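Undergrad: One structure, pasted below without further comment.
Read the figures in this text as sums done on the coordinates, not as results from a lab. All values reported here derive from a predicted model rather than from experimental measurement. No Cβ is skipped: glycine too gets one built from the backbone with ideal geometry, and neighbour counts run over all protein chains shown.
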Amino acid sequence: MKNSIIEALNWRYAVKKYDASKKISEGDLEILKESIRLAPTAFGLQSFSVFIIENSDLRSQLQSASHGQTQVVDASHLFVFAAHKSVSDNAVDRYMENVANTRKLQIEQTAGFGNHIKQSVSPLSEEELVNWNTKQTYIALGQLLQTAAEMRIDATPMEGFDAGKVNDILGFEKQDMKVSVICALGYRSIDDKNQFQAKVRKNPEEIFHTV
């Protein structure tokens, strides 16, 4: 198992050119989505949304907003992570209801946790909330990349886009959201020369420090 994980991580790379004829199966897509849903987030709030863009016109518009990167239109699926700009008391209350229902608790038993979340979130400005929720999307993205690699599904995390244009195209501002990161998923083209390049990383001694 340990070796298979490392093999998967060595196998993956940020694909530059996808085979547009190859599509992720519905079954595999559900696993990828579930890996995001099960990712850890602060307080378990999951204060972000993921939009899976299938509409070809939207994909073309997003390509224009992403400096023409072909992965946006050629990949089997395009996941757009959007951070929520606010965390309302109502959102926390709904989460507490979910906690109570899932764990077979009385709603009163969740009051302390709910109040703690509200007290932690209420002092934050919109900018601080967006920054905080954006971090949660990257945790989920990391789990998605790991899952995809183990399934031998290619993935390309992307920050190279005009956030303002993406927000406009997908109407995020009206939905109280801001785009965080984009991830293309599918299967590499045999013409992508990057797959044959050795992975370059720092030596462990440069990264890990025991104190």
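Undergrad: Report the far tail of the P(r) of segment 15-207, meaning the percent of Cα-Cα pairs longer than 22 Å. Can you show the working numbers first?
TA: On the way: 10117 of 18528 pairs.
The share of Cα pairs beyond 22 Å in segment 15-207 comes to 55 percent.
Undergrad: Moving on. Over every pair of different alpha-carbon atoms in segment 1-113, take the mean of 1/r and invert it; report that Kirkwood radius in Å.
TA: Working: mean 1/r = 0.0570 Å⁻¹.
Answer for segment 1-113: a Kirkwood hydrodynamic radius of 17.5 Å.
Undergrad: While we're on this one: Taking loop as defined by DSSP and a crowding limit of 13 other beta carbons within 10 Å, which chymotrypsin sites (Phe, Trp or Tyr not before Pro) in segment 111-190 fit?
TA: none
Undergrad: Sticking with this one: Could you please report the charge total around ILE117, scoring K, R as +1 and D, E as -1 over all other residues with beta-carbon less than 14 angstrom from its beta-carbon? Show your work: numbers first, answer last.
TA: Numbers: positive: ARG94, LYS118; negative: ASP89, ASP93, GLU97.
Once all neighbours under 14 Å are counted, the net charge is -1.
Undergrad: Right, next: Dividing the alpha-carbon radius of gyration of segment 1-57 by 2.2 N^0.38 Å (N being the number of residues), what value is obtained?
TA: 1.47
Undergrad: Based on alpha-carbon centroids, what's the gap between segment 84-123 and segment 1-46 in Å, whole number please?
TA: So the two Cα centres are separated by 29 Å.
Undergrad: Here's another thing I want to ask about it. Nearest-5 percent of antiparallel DSSP beta bridges in the chain? Intermediate results must be reported in sequence, preceding the final value.
TA: Numbers: 20 of 21 bridges.
For the chain, the DSSP antiparallel bridge percentage is about 95.
Undergrad: Per-residue ellipticity at 222 nm for the chain, helices alone: DSSP H runs ≥ 4 residues times -39500 (n - 2.57), over residue total, nearest 500 deg cm²/dmol?
TA: On the way: 9 runs with 98 residues, N = 211.
Value at 222 nm, helices only: -14000 deg cm²/dmol.
Undergrad: Now for a separate question. Given a cut-off of under 8 Å on Cα pairs at least six residues apart, what relative contact order in percent is computed for segment 15-207? Don't skip to the end; give the middle numbers.
TA: Details: 268 pairs, mean separation 70.5, N = 193.
Relative contact order of segment 15-207: 37 percent.
Undergrad: Can you find, among ASN133, PHE172, LEU38, the residue farthest towards the positive end of the dipole of the chain? Put +1 on the C-beta of Lys and Arg, -1 on that of Asp and Glu.
TA: LEU38
Undergrad: Turning to a different aspect of this structure: What residue among SER122, SER56, HIS77 has its Cα farthest toward the positive end of the dipole of segment 15-207, where the charges are +1 on Lys, Arg and -1 on Asp, Glu, each on the Cβ?
TA: Going by the Cα projections, it comes out as HIS77.
Undergrad: I would also like to ask the following. Can you pull out the trypsin sites (Lys or Arg not before Pro) in segment 132-208 that DSSP calls coil and that have at most 15 other Cβ atoms within 10 Å? Present the calculation step by step, with values, prior to reporting the outcome.
TA: Details: sites: LYS135, ARG152, LYS165, LYS174, LYS178, ARG188, LYS193, LYS199, ARG201, LYS202; in loops: ARG152, LYS199, ARG201, LYS202.
Sites meeting the loop and neighbour criteria: ARG152, LYS199, ARG201, LYS202.
Undergrad: Let me ask something additional. Just to be sure I understand the rule: take each whole DSSP H helix in the chain, project its Cα atoms onto its long axis, keep it if the span is 30 Å or more and its mean Kyte-Doolittle hydropathy is at least -0.5. Which ones pass?
TA: Within the chain the helices that satisfy the rule are 126-150.
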